[in-house]
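Trainee: Handing you this structure, nothing more for now.
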Amino acid sequence: MVEIHTLQLGAMENFTYLIEDCATHQTAVVDPAWEVEKIIEWARQQALKITTILLTHGHHDHINGVKSLQQATGADVYLHQREAEFFNLEQQGYQQFSGHSSIRLGESTLLPIETPGHTPGGVCYQVDGHLFTGDTLFVFGCGRCDMDGGDPVQMYHSLQRLLNELDSETRIYPGHNYSVQPVSTLQQEREGNPFLHCEDESSFVRYRMVEHDQLRGSPYGPIQDSPC
């Protein structure tokens, strides 16, 4: 069993999550950035022991607090090998993984899911029906694919993988507060996220790369009809 604690930090509406293993109070921090002192103080107030740092991808607005948090806690940092190579982070001493991996947190097991598209080595993390999606899947949106090695074809298949492989009641925790609600379920996304309504690669690529930003702006709400 885990408990999820959410902090919104910085000027870019970033969500940083603390995943607490309830049996041991060992805690993983997902994408620590901006106001690290608030993360540390929150953990202190809740008597949590930060042992793990999980990075969904290598963008500055998701990792700029890693060094400070690691120095303060001694936590191990986990990042996909492909992401470490792309962002030249191989020499940082991070725990790099690829393929079918798992990460222990007290008595809980965290499962990375490879979801390239926003960046080459982006991942989501799954634990006990919770999915931390970084900039892969927003509530009723998805990440950009036009910078830092982004690839809309990869993003299409990453999103389809989440739809096809995970339970519909999986709770979605995005990397930014860009929507009318902070979290959702995969079923809500299936019904209301326009990017999950695209039936093939070509329609997804056209919508993501050309049409979406002309038609929608945050905060994102659910849609009824497919725009693809």
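Trainee: Please compute, for the alpha-carbon atoms of the range 75-162, the extent along each of the three principal axes and give them in descending order in Å.
Mentor: 36, 33, 19
Trainee: Assigning unit charges at the beta carbon (Lys, Arg +1; Asp, Glu -1) and nothing else, what dipole magnitude in debye, to the nearest 20, does the chain show about its Cα centre? It would help to have the intermediate numbers written out before the result.
Mentor: Numbers: 13 positive and 31 negative charges, 67 e Å.
That gives the chain a dipole magnitude of about 320 debye.
Trainee: Please report, in whole Å, how far the alpha carbons of the chain spread along each principal axis, starting with the longest.
Mentor: Principal axes ranked by extent give 47, 34, 33 Å for the Cα atoms.
Trainee: Once the piece of chain linking residue 5 and residue 100 is laid out straight, how much longer is it, given 0.36 nm per residue of separation minus the C-alpha distance between them? Before the final figure, lay out the partial values.
Mentor: On the way: separation 95, 0.36 × 95 = 34.20 nm, distance 2.64 nm.
Full extension from residue 5 to residue 100 adds 31.6 nm.
Trainee: Roughly what would the spin-label model give for residue 146 and residue 160, points 7 Å off Cα along C-beta, in nm?
Mentor: 2.4
Trainee: How much of the DSSP beta bridge set in the range 37-119 is antiparallel, as a percent to the nearest 5?
Mentor: Values: 3 of 9 bridges.
Taking every DSSP beta bridge with both residues in the range 37-119, the antiparallel ones total about 35 percent.
Trainee: If you take every DSSP beta bridge whose two residues both sit in the chain, what share of them, in percent to the nearest 5, is antiparallel?
Mentor: Here the share of antiparallel DSSP bridges comes out near 65 percent.
Trainee: Also, quick follow-up: For the range 1-108, build the charge dipole from Cβ charges (+1 Lys, Arg; -1 Asp, Glu) around the Cα centre, then report which of 24, 80, 64 sits farthest towards its positive end.
Mentor: It is 24, whose Cα lies furthest towards the positive end.
Trainee: Another question, then. Can you tell me which of 167-179, 3-15 comes out highest on packing, and rank the rest after it, using the mean Cβ neighbours within 10 Å?
Mentor: On the way: 167-179: 19.3, 3-15: 16.2.
Ranked by mean Cβ neighbours within 10 Å, highest first: 167-179, 3-15.
Trainee: Tell me, in nm to one decimal, what length is gained between residue 168 and residue 64 on full extension, where the rule is 0.36 nm per residue of separation less the Cα-Cα distance?
Mentor: Working: separation 104, 0.36 × 104 = 37.44 nm, distance 3.27 nm.
Additional length available on full extension: 34.2 nm.
Any read-out appearing in this document is the output of simple, stated calculations on the displayed coordinates, not a laboratory observation. Not measured: the values here are computed from a predicted model. All Cβ positions, glycine included, derive from the backbone under ideal geometry; neighbour counts span all protein chains shown.
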